[in-house]
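Structure first, commentary second.
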Amino acid sequence: MEYIKYEAEGMVGILTIDRPKALNALNSDVLAELDQAIDAVDLNAVRALIITGGGEKSFVAGADIGEMKELTKKGGEDFGKRGNDVFRKIETLPIPVIAAVNGFALGGGCELSMSCDIRLCSENAMFGQPETGLGITPGFGGTQRLARLVGAGIAKELIYGAKNIKADEAYRIGLVNHVYPSEELMAQAKKLANTIANNAPIAVRNAKKAINDGLDAAMDDAIVIEEKLFGDCFETHDQVEGMSAFLEKRKDKEFTNS
Ligand code: CAA
């Protein structure tokens, strides 16, 4: 692939968007490769995925403005769908995805990070949805996910004002979980990914689905979603192993994803 690099380190996959000339901006080719790269992740071997940007300055500086400039209404809608489809695939991937935001996360970059389960960032990170300053709305899920993550009032201020924010402000409003010095970001992302990867994969997968599906449902339906996914963990090897290890006061446990 030209724009996506992928490697697996044990049970953790690391996917890098690498288009340095345009600060990793997402054009149709990058989106197509991202889609293929996500499909290619070996979900039997990899238990957590990290997404980051190539270079030290940018995670992703947005959708490609040069490509969008010439789009018709129909072309704009299609381009939005292309991004939305890939980001929804990331959001619903049956393993947790951590965004290691190593610089600019603007427009489509902020939106990509929000389709991940957890955001960690470097001190030089900058988040924002600058689209209204370009004459468009956010188009890869920003109007929906930012409001769900930080609340409608703050999302509206950021989106209507096309206001970019630094890492400390992103942390204050709950958009990122942790801020690290640049040189520590990947090590911290890998540490978190490994912690997750060492827990029971079926339980982690079901927890992700319960949280995501439950957030879109009324509470009476949401708790039923949880009950079913909770029940689904029982009679698995990993449930028996996890509980036996506790009762036998055993530290070592082997989760087999079965
Ligand atoms: N699309 C296309 N090219 C981009 C880009 C983008 N989103 N962001 C940066 N680039 C390109 C620049 O055009 C420049 O290319 P050239 O060297 O060929 O001129 C190169 O990357 C380096 O950028 P700068 O020289 O501008 O670097 P800087 O350090 O001075 O500024 C920046 C960095 C603040 C991120 C600035 O590049 C910037 O504001 N980029 C645009 C950010 C933006 O508006 N993103 C939202 C896009 S709209 C969107 O994403 C819609 C959606 O929801 C789907």
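The values are calculated or read from the model by the stated rules, or taken from the named source; none is laboratory data. Keep in mind it's a predicted model, so treat the numbers as computed, not measured. Virtual Cβ from ideal backbone geometry, glycine too; neighbours counted across all protein chains shown.
On the basis of being under 24 Å from residue 146 (Cβ atoms), of a type outside the set (D, E, K, R) and either more than 9 Å from the ligand (Cβ to nearest atom) or not assigned by TED's automatic domain parsing to the domain that holds residue 180 (or both), does residue 15 make the cut? Lay out the reasoning, then the answer.
Details: under 24 Å from residue 146 (Cβ atoms): yes; of a type outside the set (D, E, K, R): yes; either more than 9 Å from the ligand (Cβ to nearest atom) or not assigned by TED's automatic domain parsing to the domain that holds residue 180 (or both): yes.
The answer is yes for residue 15.
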Picking from 15, 31, 49, the residue that is part of a helix (DSSP H, G or I) and modelled with pLDDT of 95 or more would be 31
Could you tell me which residue of region 138-182 is farthest from the ligand (Cβ to nearest atom), considering only residues that are charged (D, E, K, R) and in a helix (DSSP H, G or I)?
172
Read through the list (1) more than 16 Å from the ligand (Cβ to nearest atom); (2) buried (at least 18 other Cβ atoms within 10 Å of the Cβ); (3) over 19 Å from the mean Cα position of the chain (by Cα); (4) under 21 Å from residue 108 (Cβ atoms), then give the number of the only condition that residue 185 fails.
(3)
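Could you list, in sequence order, all residues of region 203-258 that are of a type in the set (Gly, Ala, Ser), more than 30 Å from residue 145 (Cβ to Cβ) and not in a helix (DSSP H, G or I)? Break it down into steps so the answer makes sense when it comes.
Going through region 203-258, the residues of a type in the set (Gly, Ala, Ser) turn out to be 203, 207, 210, 214, 217-218, 222, 231, 242, 244-245, 258.
Adding the requirement that they be more than 30 Å from residue 145 (Cβ to Cβ) leaves 242, 244-245, 258.
The answer is 258, and nothing else.
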Being crowded, with 19+ Cβ neighbours inside 10 Å, out of contact with any strand residue (DSSP E or B) (no Cβ under 9 Å at 6 or more places or on another chain), over 21 Å from residue 28 (Cα atoms) and assigned by TED's automatic domain parsing to the domain that holds residue 15 narrows it down to one residue among 100, 155; which is it?
155
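Taking residue 69 as the residue in question, decide whether it is near the ligand (Cβ under 10 Å from one of its atoms), basic (Lys, Arg), surrounded by 15 or more Cβ atoms within 10 Å (Cβ to Cβ) and modelled with pLDDT of 95 or more.
Numbers: near the ligand (Cβ under 10 Å from one of its atoms): yes; basic (Lys, Arg): yes; surrounded by 15 or more Cβ atoms within 10 Å (Cβ to Cβ): no; modelled with pLDDT of 95 or more: yes.
So residue 69 fails the test.
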Residue 23 vs. criteria in contact (Cβ under 8 Å) with a residue 12 or more places away in the chain, within 18 Å of residue 114 (Cβ to Cβ) and in the same structural domain as residue 183 (by TED's automatic domain parsing):
no
Among the listed residues 54, 75, 83, identify the single one that is within 24 Å of residue 197 (Cβ to Cβ) and in the same structural domain as residue 21 (by TED's automatic domain parsing).
54
Suppose we keep only residues that are more than 8 Å from the ligand (Cβ to nearest atom) and in contact (Cβ under 8 Å) with a residue 60 or more places away in the chain within region 55-66. Which one would you say is farthest from residue 17 (Cα to Cα)?
56
Checking the conditions here, which among 37, 25 is within 16 Å of the chain's Cα centre (by Cα) and surrounded by 14 or more Cβ atoms within 10 Å (Cβ to Cβ)?
37
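Which of the following residues is within 13 Å of the ligand (Cβ to nearest atom), modelled with pLDDT of 95 or more and under 22 Å from residue 158 (Cβ atoms): 120, 112? Lay out the reasoning, then the answer.
Working: 120 fails: within 13 Å of the ligand (Cβ to nearest atom).
Being within 13 Å of the ligand (Cβ to nearest atom), modelled with pLDDT of 95 or more and under 22 Å from residue 158 (Cβ atoms) holds for just one of 120, 112, which is 112.
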